[in-house]
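**Student:** Have a look at this one before I ask anything.
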Amino acid sequence: MKRGLLSCWLRNAMESRYPRDTSVVANRERHHIARIEAFITHRASNPPMTMERSFRVTLETPDGLRSFDCGEDEHIWDAAASHQITLPATCHQGRCLTCAGRLLAGSVDHDDADAYFAQDEEEDYILLCRAMPRSDLHVRTHQEWEMREHRIASGLPAPYA
Ligand code: FES
């Protein structure tokens with residue numbers, strides 16, 4: 001039921017129950033209805049916060065497998081760091097390739113990356129500093145030089161190479 005309709009229904013119910021009644025009981029019920037209306041108005045302009053989804057990320061690092069949860073709006077590199085997993089990085093902007101990984105399973109969003117190309121995605125290279133999970137993930141880390149070779153072979157930018 002929409003907010004206006006609910007308020008109207010409450011007022012009509014009140015007035016039909018206590019027409020022109022100013023007794024303590026009627027006034028208390030009017031006060032109660034006013035509080036419900038205030039709550040409905042507040043809720044309409046302040047919808048409840050939605051819970052951020054998170055996904056399970058498993059990294060194949062040179063030190064072995066590491067797993068942690070990563071929010072859908074969180075960069076994987078940052079989530080790893082918050083779990084005491086140190087990964088390589090230089091620019092943190094999705095440009096230099098230092099943080100490159102290889103996606104073995106799952107999907108990510110690279111909207112935040114400065115320079116990420118369709119050819120990178122086709123070859124399953126990801127930039128962990130700017131990638132955000134869109135499913136549970138399995139990623140091989142420390143793929144900087146492999147991604148540089150891929151970029152050079154594809155005629156794409158490979159900064160610092
Ligand atoms: S740290 Fe430079 S691309 Fe990720």
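Any read-out appearing in this document is the output of simple, stated calculations on the displayed coordinates, not a laboratory observation. Quick caveat: nothing in here was measured; it's all calculated off a predicted structure. Using ideal geometry, Cβ is built from the backbone for each residue, glycine included, and neighbour counts are taken over all protein chains shown.
**Student:** Quick one: net charge of ASP124's neighbours, Cβ under 12 Å, K/R +1, D/E -1? Before the final figure, lay out each step's value.
**Tutor:** Details: positive: ARG102, ARG140; negative: ASP120, GLU121, GLU122, GLU123, GLU146.
Net charge around ASP124: -3.
**Student:** Step through the residues of segment 136-148 one at a time and calculate ³J(HN,Hα) from phi using the Karplus curve (6.51 cos²θ - 1.76 cosθ + 1.60, θ = phi - 60°), rounding each to whole Hz and writing x for Gly and Pro.
**Tutor:** Along segment 136-148, the couplings run 4, 10, 10, 9, 8, 8, 6, 10, 3, 6, 5, 5, 4 Hz.
**Student:** For segment 78-83, just list the computed ³J(HN,Hα) in residue order, Karplus coefficients 6.51, -1.76 and 1.60, θ = phi - 60°, integers in Hz, with x standing in for Gly and Pro.
**Tutor:** Going residue by residue, I get 5, 5, 4, 4, 5, 9 Hz, with x marking Gly and Pro.
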